[in-house]
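Right, one structure below, let's go through it.
The values are calculated or read from the model by the stated rules, or taken from the named source; none is laboratory data. For clarity, every value in this text was computed on a predicted model and none was experimentally measured. Please note: Cβ atoms are built from the backbone with ideal geometry, for glycine as well, and neighbour counts cover all protein chains shown.
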């Protein structure tokens, strides 16, 4: 079912709202970069804390954000569906306020460690961010705006590195505290997602939300069409119709037929129950989890961790912080270009091409590290080239796919599972990296990552449908075997 056409004023409003919502991911990027430029200060005898941190404590500070996010992620789906997208987004901003407030006033090593863990809870709110943005955006620009969550993370990294280079320890904390408070205030000015409001039976509030984000009149035909579109997505009978292969006209007629008493009685069900009976949702979840895990196993996180010693070898005259800033800038530019390309070239073609080219670049990087067949500067070039190519598509598409393929009933659950998969995959890659290097060498390990890149491209080609410009009800049949055979 077609929705309203995108107006320029609606594009501006949705773009502005996306920037405000994506600030939560920006705050995550800030806190992720914070340990890197405070490391030397925290371990020195001139530390601002009551005592220098030990090596073990510094390791905890560097990893606790991931642990906090992993532990909090399973609760994101519940918060999303219980309190709504808007209040969930505000809720996950609170841990950042508390964390930076603690860092700004305390000299206790253990309270700083606690603060970093609390920031990790806020970082898990990326689930909320992607769902919120995807539900307020027009289908034609959903991919580009949803991918802003990735760009927001890199903006946070860059901003944090810049703060660390020019401000003192406590001034950084004050600025980050102010940004966290401002984020919550700005989100309070936005409207709730119309999808969530209709799910709660609040049609008037949903119409106001649609009018706010899509800039259309309350009593217009456009409003009626948009409400019908969302109502169709929320109707529990749509699963049976889509999986029975009904045509679009028959699907639209669904709304004109009242539900039977039996159907009304069966309607309340948990997200898990809905997932069990929805074949398209189960297949979508499998594809999303596979794409998410494969793209992380391509080795980008390892490259980030191992970049500093590689840069010291490749360009010893450059400051390591400068190299880190340039790498974050490389990530950011690639993600912004990706946002412009997603709704033009599609998700499937972008992830396939970037995965193949990433595989080629990791083979070259692995060969260079193993054989040293080129000058040292070539190593730095390959690191930047691979980082750019990876973030041009393979790093972004899984998050966009996660935000747009699930029906509203399982959207919170699907996004929660995807983010949990991301944190677990990151942990697994970091755990197996050192044993692989010791057993095979650094160069051969990167060649292993190249194999994963090619597997990702092959899996995407055979199993991932193209979702560009499609509404969620139009996406569901693409995950069914019989529909895929027709195409």
Filter result for residue 153 (within 22 Å of residue 402 (Cβ to Cβ), in contact (Cβ under 8 Å) with a residue 24 or more places away in the chain and crowded, with 21+ Cβ neighbours inside 10 Å)
yes
For the range 356-373, pairs from a residue that is farther than 12 Å from residue 446 by Cβ to a residue that is in a helix (DSSP H, G or I), with Cβ under 6 Å and 6 or more apart or across chains, are 356/457; 357/389
Residues of the range 29-83 that turn out to be touching a helix residue (DSSP H, G or I) at 6+ places or on another chain (Cβ under 9 Å) and outside any helix (DSSP H, G or I), as a count:
8
Turns out the helices (runs of 4 or more DSSP H) fully within the range 365-457 with at least 3 residues that are farther than 23 Å from residue 286 by Cα are 376-389, 408-440
On the given criteria, is residue 323 under 20 Å from the mean Cα position of the chain (by Cα) and assigned by TED's automatic domain parsing to the domain that holds residue 461?
no
Scanning the range 184-193 for residues that are under 21 Å from the mean Cα position of the chain (by Cα) and in a helix (DSSP H, G or I), the one nearest to residue 226 (Cα to Cα) turns out to be 187
Taking the range 460-482 as the region of interest, how many residues are assigned to a helix (DSSP H, G or I) and surrounded by fewer than 18 Cβ atoms within 10 Å (Cβ to Cβ)?
6
The number of residues in the range 201-226 that are free of Cβ contacts under 8 Å to residues at least 60 places away in the same chain and surrounded by fewer than 18 Cβ atoms within 10 Å (Cβ to Cβ) is 12
Residue count, the range 31-48, condition surrounded by 14 or more Cβ atoms within 10 Å (Cβ to Cβ) and either within 28 Å of the chain's Cα centre (by Cα) or farther than 17 Å from residue 167 by Cβ (or both), comes to 10
Could you tell me which numbered condition residue 252 fails, if it satisfies all but one of (1) at pLDDT below 70; (2) not in a helix (DSSP H, G or I)?
(2)
